[in-house]
Amino acid sequence: MGACAQPGQMDPQFPVGSGPNGLVKALLVSRDGSILVGGSFTEFSGTPVPGLVRLDASGRLDPLFLAEVPGGLPARPIVALVEGDGGTIYVMAEDIFRWVYRLLPGGAVDSRYPGVGGWTAVNLLWDGSVVGTTLGAFTADLQYATPSGELKGGYPKGLVYVYQGRSFPGSLAYANLDSKGRLIISGSFSRIDGTPASPVTRFDTQGRIEEGFGLQANGTLRSMFWTLPDGRMVSSAYVTFPKASTRLSVLKEDGNFDPAFPSSPIFDSALAPDQGSTVNAVMAEPDGRLLVGGSFTSVDGKARNGLVRFLTNGLMDVGFDVGAGFQLASANAYSKDLVSAVALQASGQILVGGAFTTVQGVARPYLARLNGQRAVGPPVIQSPPASVTNYESLTVTFTVVAESSAPMAYEWQFQGRALADATNATLTLTSIRPEDAGQYLVVVRNPAGSTASSPARLVVIPASIPTIAVAVTELRVAPGTNPRLVA
């Protein structure tokens with residue numbers, strides 16, 4: 001399926017084969033374009049696997065990738081994947097507790113990494129760091145491991161929740177790094193090492209609590225948030241009025257609401273209105289649009305089953321429609337993992353994992369790919385117009401080849417001035433004259449911007465070279481001199 005297909009339409013050719021036989025919780029597109037898929041499945045297209053496989057970009061199983069499980073540990077459902085340096089893979093598995101280990105590019109366990117396990121509320125961060133807690137005497141103690149697995153010092157540790165004057169051990173829910181590498185944690189706590197703290201707290205890179213930062217939310221924070229590459233953050237909040245719903249907010253780097261994204265869309269689930277909806281995955285596309293996946297059937301009252309995309313101004317992208325969307329095996333069933341993972345390929349196509357068994361009415365269990373759109377940027381000129389030399393009164397043609405994911409407009413210019421009615425990829429000049437000689441270029445525009453080609457020069461050769469007729473009336477030659485014509 002090409003990028004010109006309808007955005008949101010399912011790719012019927014992906015994956016190759018029957019795919020996974022169970023829930024997909026984690027998706028990762030590696031730097032080389034291969035796809036890592038993790039979850040609680042035990043087979044992929046009939047091949048026994050331990051809940052982790054690697055596919056090529058087209059969805060074919062990579063038979064050379066043989067995922068291992070650290071010695072002494074049973075295979076557990078895989079819930080998060082992060083690519084490290086040199087193609088290593090950080091894997092977070094979960095049963096009662098969460099465990100993090102690292103694999104080499106071929107799938108073997110990396111013995112250089114000590115692994116992280118036995119903590120509570122373990123979070124695998126986008127750089128391979130791990131944050132969790134251990135139980136202290138009267139606190140939940142924050143633990144922070146670097147990508148090499150070593151404990152990182154300098155950060156306050158004791159999370160405490162104070163209620164009606166009494167202190168209880170706090171709890172950690174989620175942790176992540178922002179675009180500048182600063183740690184953000186959320187959970188049920190009101191003090192950290194005795195210092196008053198917001199339920200969403202950010203530390204500077206030296207481990208100090210940043211005063212004045214407090215992640216906002218329209219409702220009760222469900223402790224779930226995502227950090228975006230441009231510095232913004234997305235939070236999900238649980239609201240109970242007029243019914244149980246999830247509200248999404250986009251925030252600036254300082255934690256305040258982003259005025260460029262004024263809407264706070266509400267997600268509802270008709271399958272379980274008493275349980276409310278969930279938002280499980282947020283992915284920023286290169287042009288700033290947001291893909292949001294979860295367990296929901298409508299967004300702001302409009303039918304959107306499991307996946308939706310928002311424009312940079314906060315409005316729903318009505319051009320991206322998943323139609324009937326994602327469904328479970330039973331029409332009335334409910335799972336908070338309907339859509340649990342979303343990833344973006346370089347082609348603009350969208351990978352989706354979850355508990356669904358059909359997509360847009362077609363059997364596609366647990367893993368699917370939808371057509372997206374390439375990120376909209378200014379046009380790229382693949383082949384600029386070439387210079388031409390031709391004779392007067394003949395015809396010349398200039399052509400530009402440009403690429404864009406959005407409609408393009410053309411403006412041809414001669415000597416810096418726009419030419420009337422020259423608005424196509426080809427410029428044809430008929431019956432050229434000497435005054436047509438000079439520089440031509442084209443400006444190609446789309447909604448994201450414009451790109452000017454390099455100039456092409458037209459050289460016009462006159463149709464005939466003028467001659468001068470001279471009538472010789474008399475030729476005189478004096479002895480010892482050279483003859484000279486006089487007109």
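The values are calculated or read from the model by the stated rules, or taken from the named source; none is laboratory data. On a predicted model such as this, the values are computed, not experimentally measured, just so you know. Because the Cβ atoms are built from the backbone with ideal geometry, glycine has one as well, and the counts that use them run over all protein chains shown. Surface areas here come from the heavy atoms of the whole protein model, side chains and all, with no ligands, DNA or RNA. Shrake-Rupley method; radii C 1.70, N 1.55, O 1.52, S 1.80 Å.
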Only one of these conditions is not met by Phe44: (1) free of Cβ contacts under 8 Å to residues at least 40 places away in the same chain; (2) under 19 Å from Ala346 (Cβ atoms); (3) open to solvent by less than 30 Å² (accessible area, probe 1.4 Å). Which number is it?
(2)
In the set Val53, Val37, the lone residue that is part of a strand (DSSP E or B), open to solvent by less than 10 Å² (accessible area, probe 1.4 Å) and without any contact (Cβ under 8 Å) to a residue 40 or more places away in the chain is Val53
Hey, does segment 72-88 have a residue that's touching a residue at least 60 places away in the same chain (Cβ under 8 Å), open to solvent by 30 Å² or more (accessible area, probe 1.4 Å), in contact with a strand residue (DSSP E or B) (Cβ under 7 Å, 6 or more places away or on another chain) and not aromatic (Phe, Trp, Tyr)?
no
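Conditions (1) of a type in the set (Gly, Ala, Ser); (2) modelled with pLDDT of 90 or more; (3) within 22 Å of Ser264 (Cβ to Cβ); (4) surrounded by 18 or more Cβ atoms within 10 Å (Cβ to Cβ), marked per residue:
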{"site": "Asp287", "(1), (2), (3), (4)": "no, no, yes, no"}
{"site": "Lys302", "(1), (2), (3), (4)": "no, yes, yes, no"}
{"site": "Val308", "(1), (2), (3), (4)": "no, yes, yes, yes"}
{"site": "Thr312", "(1), (2), (3), (4)": "no, no, yes, no"}
{"site": "Asp321", "(1), (2), (3), (4)": "no, no, yes, yes"}
Name the residue that is farthest from Leu81 (Cα to Cα), counting only residues in segment 338-348 that are in a loop (DSSP other than H, G, I, E, B) and open to solvent by 20 Å² or more (accessible area, probe 1.4 Å).
Ser347
Thr389 meets each of (1) open to solvent by less than 60 Å² (accessible area, probe 1.4 Å); (2) touching a residue at least 12 places away in the same chain (Cβ under 8 Å); (3) more than 30 Å from Val292 (Cβ to Cβ) with one exception, condition (1)
Give segment 173-207 a look and list any residue that's open to solvent by 20 Å² or more (accessible area, probe 1.4 Å) and either touching a helix residue (DSSP H, G or I) at 6+ places or on another chain (Cβ under 8 Å) or of a type in the set (Lys, Arg) (or both), or say none.
Lys180, Arg182, Arg191
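Per-residue answers, yes or no, for (1) open to solvent by 60 Å² or more (accessible area, probe 1.4 Å); (2) without any contact (Cβ under 8 Å) to a residue 40 or more places away in the chain:
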| residue | (1), (2) |
| --- | --- |
| Ser393 | yes, no |
| Thr397 | yes, yes |
| Glu403 | yes, yes |
| Ala409 | no, yes |
| Arg417 | yes, yes |
| Thr423 | yes, yes |
| Thr428 | yes, yes |
| Ile432 | no, no |
| Ala437 | no, yes |
